Each structure stands twice: as structure tokens, then as C-alpha cells.
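First comes the structure, then the notes that go with it.
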């Protein structure tokens with residue numbers, strides 16, 4: 001089995017690349033979906049996040065309001081520091097543990113599997129060593145803003161500001177590219193992206209020893 005991390009900056013197209021790889025035969029899990037599960041009422045991570053950020057981040061039914069939590073984490077705290085680090089220190093260790101468990105389960109079921117974890121903060125979480133290969137998806141800054149605006153149904157200028165704010169809390173993309181085994185440039189046409197992913201899948205399959 002080959003363990004693969006799939007990462008990249010916000011709105012770079014990680015999910016699109018992940019969907020292409022699944023269509024080609026990969027197994028995939030998304031770290032964001034794991035974190036959603038961990039933040040359900042009754043979970044330890046939920047309790048820790050509420051204790052750290054306050055009940056103001058909750059909906060009336062007690063569930064976490066993701067937009068409010070993002071505002072609390074990415075907004076400016078007292079002293080001018082982002083609180084993203086506080087949030088990550090609570091969530092990342094458990095997310096990484098769940099990812100590892102999932103990859104082991106996939107490997108037991110399929111010894112020649114390519115098991116992919118899609119996560120925005122693989123390097124920031126110190127989880128790169130959990131993978132055999134690392135894929136970084138890139139795109140240009142304007143495309144990033146346009147995609148973010150469309151996804152969240154907000155004005156383009158507001159999207160530019162929000163993308164810049166969130167990217168500032170991550171490692172610079174050029175640093176991620178330096179340590180990547182594969183870089184997918186998602187700045188062009190969908191056909192161009194598919195061609196890159198198809199060639200990458202050929203190499204990943206060979207590395208996994210697929211018969």
C-alpha cells in the first residue's frame with residue numbers, strides 16, 4: 001500500500017484532484033470531514049474547542065457554527081495574534097490519529113491500495129512523515145479568490161481579503177512545493193489538470209505495486 005498526502009492552499013482545487021484520483025482507483029478520506037465529526041457535541045474535541053473559544057461559536061442547537069469558529073480563529077486576538085494555532089493544537093492530533101487508522105484499515109483490505117488523505121495543513125500539522133508521497137496542488141492567486149467567492153457566494157473583493165487572511169495562517173505555497181513529490185498546477189484548463197493527474201496516477205500505482 002502507498003500512503004499519500006494531498007495538500008495545497010485554500011481554493012487551489014485539492015478536492016477536484018482528489019475526485020479525479022478516486023475515479024482512477026484511489027481510496028480517499030478528507031481531513032475536513034474527520035474534523036467535522038470530531039466537533040459533534042459529546043466528542044472530546046468539541047468540548048475542548050468550546051472551552052477555548054466560548055459558546056459564542058455555537059448554534060442554538062449546540063452544534064459548532066463553522067463560520068463563527070473560523071472568524072474566532074482567523075480573526076485578530078488580543079495582542080494582534082491569530083488564534084489558529086490554538087485551534088490546530090486541539091484538533092490536529094486527533095485528526096492525524098484518525099487518518100492513520102483509516103490508512104491502516106485500507107491497507108489491510110487492499111495491500112496494493114493507494115490511500116490518499118486530503119488535508120490543507122499536512123505540513124503545518126507536522127504529519128508529512130506519515131505519508132510515503134506528498135502531492136501539492138497549486139493555482140494562481142486570482143483563481144483562488146474567484147473560486148472562494150463562488151464557493152461562499154461572496155463578492156470577489158471580500159474573497160480576496162479572506163483568502164489572504166487564511167493563507168497567512170499557512171506555510172507559503174512555495175515552501176510546500178519544495179518538499180512535494182508531485183505538484184499539480186491547477187491554473188489551466190480542466191483537461192490540463194486531468195493530464196497531469198493521469199500521469200501522476202500511473203506513477204503512484206507503480207509505486208504501490210499494483211498488479
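Couple of notes before you dig in:
- Residue 125 meets the conditions (1) closer than 30 Å to residue 186 by Cβ; (2) in a helix (DSSP H, G or I) in every case but one. The failed one is (2).
- Search result, residues across region 99-116 that are under 15 Å from residue 208 (Cβ atoms), in contact with a strand residue (DSSP E or B) (Cβ under 7 Å, 6 or more places away or on another chain) and either without any contact (Cβ under 8 Å) to a residue 24 or more places away in the chain or not in a loop (DSSP other than H, G, I, E, B) (or both): 103, 106, 107, 114, 115, 116
- Residue within region 100-111 that is under 18 Å from the mean Cα position of the chain (by Cα) and closer than 24 Å to residue 188 by Cα present: no
- Candidates 162, 199, 175: the one that is modelled with pLDDT under 90 and part of a helix (DSSP H, G or I) is 162.
- One residue from 65, 59 being within 24 Å of residue 163 (Cα to Cα) and either in contact (Cβ under 8 Å) with a residue 24 or more places away in the chain or surrounded by fewer than 18 Cβ atoms within 10 Å (Cβ to Cβ) (or both): 65
Matching residues to (1) touching a helix residue (DSSP H, G or I) at 6+ places or on another chain (Cβ under 6 Å); (2) on the phi > 0 side of the Ramachandran plot; (3) at pLDDT 95 or above; (4) not in a loop (DSSP other than H, G, I, E, B):
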site: 16; (1), (2), (3), (4): no, no, yes, yes
site: 29; (1), (2), (3), (4): yes, no, yes, yes
site: 36; (1), (2), (3), (4): no, no, no, yes
site: 48; (1), (2), (3), (4): yes, no, yes, yes
site: 71; (1), (2), (3), (4): no, no, no, yes
site: 85; (1), (2), (3), (4): no, no, no, yes
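- The lone exception for residue 76 - which of (1) farther than 15 Å from residue 36 by Cα; (2) exposed (fewer than 11 other Cβ atoms within 10 Å of the Cβ); (3) at pLDDT 90 or above it fails: (3)
- Among the residues of region 126-141, those identified as crowded, with 21+ Cβ neighbours inside 10 Å and either without any contact (Cβ under 8 Å) to a residue 60 or more places away in the chain or closer than 16 Å to residue 166 by Cβ (or both) are 137, 139.
Listed here are the residues, each with its yes/no results for (1) modelled with pLDDT of 90 or more; (2) in contact with a helix residue (DSSP H, G or I) (Cβ under 7 Å, 6 or more places away or on another chain).
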{"site": "146", "(1), (2)": "yes, yes"}
{"site": "150", "(1), (2)": "yes, no"}
{"site": "154", "(1), (2)": "yes, no"}
{"site": "157", "(1), (2)": "yes, no"}
{"site": "168", "(1), (2)": "no, no"}
{"site": "180", "(1), (2)": "yes, no"}
{"site": "192", "(1), (2)": "yes, no"}
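- Test: residue 40 is farther than 23 Å from residue 149 by Cα and either surrounded by 13 or more Cβ atoms within 10 Å (Cβ to Cβ) or without any contact (Cβ under 8 Å) to a residue 60 or more places away in the chain (or both): yes
- Among the residues of region 9-18, not a single one is free of Cβ contacts under 8 Å to residues at least 40 places away in the same chain, under 17 Å from the mean Cα position of the chain (by Cα) and within 14 Å of residue 116 (Cα to Cα).
The values are calculated or read from the model by the stated rules, or taken from the named source; none is laboratory data. Not measured: the values here are computed from a predicted model. Don't worry about glycine lacking a Cβ; one is built from the backbone with ideal geometry, like all the others, and counts go over all protein chains shown.
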